[in-house]
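Note sheet for the following structure.
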Amino acid sequence: MRRIMVAGNWKMHGSQTMVRSLLESVLAGTRDNAALDVAVFPPFPYLPLVQSLAAGSPLAWGGQNLNPHAQGAHTGEVSGSMLTDFGCRYVLVGHSERRAIYGEGNADVAARYQAAQEAGLVPVLCVGETIEQREAGKTEQIVAAQIDAVLAESGVQSFGEAIVAYEPVWAIGTGLTATPEQAQAVHAFIRDKFAALDGTIAGQLRILYGGSVKGSNAADLFARNDIDGGLVGGASLTAEDFLAICRCVI
């Protein structure tokens, strides 16, 4: 049975009250679904609270980013070992906002991916194109380059313990969503790219879709052969919306 993963990226949102209320509702609403894996990515200050509330439950959690260095004079940064200290299993690397706003290039993302694995974390490698790149017919070129940088640094075998999330930049927080056909086409391209290198890795690799995933479109997206779940942004901030997506997994 294929297990679908629904992961909530809370970005820079939240409060202790919100985290407690949201997690209690999510834990209650997802505990009986054997086909579903759930993870959340809270802002760093709320990791201890998430750990205290979710410890011993099936829910997993992770960091939104990490510094590629294990320690040192990097004020304001967080290392992989700090994330594992608070029970994190996953960490996002290469999210489009990190690339666009904070200038993280492909080589930097590759270094963070490797640092994540060295710390014992499962990296969720985010890849995707802007609207200009899509309209220019460069989607596959851009996505391939983003993956190739990580392959060059860490090798294809590293993806046996990693997740890829395809997030078209033009569909994040805009209300626009890639059609299931558009999303499936890029997911199939990604899987085929890995299949050319290692069929076993390609077959087991989880590829999530991120970009305005909602309860109204999640079932159609998750039904596609190469879409293994969703990396959910805005809809993960309220229990009702997030659980509506989770209920699409049957």
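So the values come out like this:
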{"read-out": "Neighbours by Cβ (under 8 Å, 6+ apart or cross-chain): first from the range 54-76, without any contact (Cβ under 8 Å) to a residue 12 or more places away in the chain; second in a loop (DSSP other than H, G, I, E, B) and surrounded by 14 or more Cβ atoms within 10 Å (Cβ to Cβ)", "value": "GLN71/SER79; HIS74/ASN67"}
{"read-out": "Residues of the range 110-126 that turn out to be more than 13 Å from GLY63 (Cα to Cα) and under 14 Å from the mean Cα position of the chain (by Cα), as a count", "value": "1"}
{"read-out": "Pair list, Cβ under 6 Å, 6 or more apart: the range 125-139 residue more than 24 Å from ILE163 (Cβ to Cβ), other residue loosely packed, with under 13 Cβ neighbours inside 10 Å and not hydroxyl-bearing (Ser, Thr, Tyr)", "value": "none"}
{"read-out": "Tally of residues being under 26 Å from ILE101 (Cβ atoms) and either among the acidic types (Asp, Glu) or surrounded by 17 or more Cβ atoms within 10 Å (Cβ to Cβ) (or both) across the range 157-178", "value": "13"}
{"read-out": "Enumerated helices (runs of 4 or more DSSP H) restricted to the range 131-250, each holding at least 3 residues that are modelled with pLDDT of 95 or more and more than 20 Å from ARG3 (Cα to Cα)", "value": "139-154, 180-195, 239-246"}
{"read-out": "Qualifying residue in the range 155-163 (condition: touching a Pro at 6+ places or on another chain (Cβ under 6 Å) and of a type outside the set (Lys, Arg))", "value": "yes"}
{"read-out": "Residues of the range 105-119 satisfying the condition of being farther than 15 Å from ALA70 by Cβ and buried (at least 20 other Cβ atoms within 10 Å of the Cβ)", "value": "VAL109, ALA110"}
{"read-out": "Every residue from the range 184-206 that is more than 15 Å from GLN141 (Cα to Cα) and in contact with an Asp or Glu (Cβ under 9 Å, 6 or more places away or on another chain)", "value": "GLN184, ALA202, LEU205, ARG206"}
{"read-out": "Enumeration of residues in the range 66-86 that are closer than 30 Å to TRP170 by Cβ and either assigned to a helix (DSSP H, G or I) or in contact with a strand residue (DSSP E or B) (Cβ under 6 Å, 6 or more places away or on another chain) (or both)", "value": "LEU66, LEU83"}
{"read-out": "Members of the range 17-50 that are aromatic (Phe, Trp, Tyr) and not in a helix (DSSP H, G or I)", "value": "PHE41"}
{"read-out": "Single match in PHE222, PHE189, PHE159 (criterion: within 30 Å of VAL19 (Cα to Cα), of a type outside the set (Ser, Thr, Tyr) and in contact (Cβ under 8 Å) with a residue 24 or more places away in the chain)", "value": "PHE222"}
{"read-out": "In the range 87-97, the residues that are outside any strand (DSSP E or B) and touching a strand residue (DSSP E or B) at 6+ places or on another chain (Cβ under 8 Å)", "value": "GLY87, CYS88, ARG89, GLY94, HIS95, SER96"}
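The rows are residues; the columns are (1) more than 28 Å from LEU151 (Cα to Cα); (2) surrounded by 15 or more Cβ atoms within 10 Å (Cβ to Cβ); (3) more than 17 Å from the chain's Cα centre (by Cα).
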site	(1), (2), (3)
PRO180	no, yes, yes
PHE194	no, yes, yes
GLY203	no, no, yes
TYR209	no, yes, no
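The values are calculated or read from the model by the stated rules, or taken from the named source; none is laboratory data. Being a predicted model, the structure only gives us computed values, none of them experimental. Counting neighbours? That spans all protein chains shown, and the Cβs are built from the backbone with ideal geometry, glycine included.
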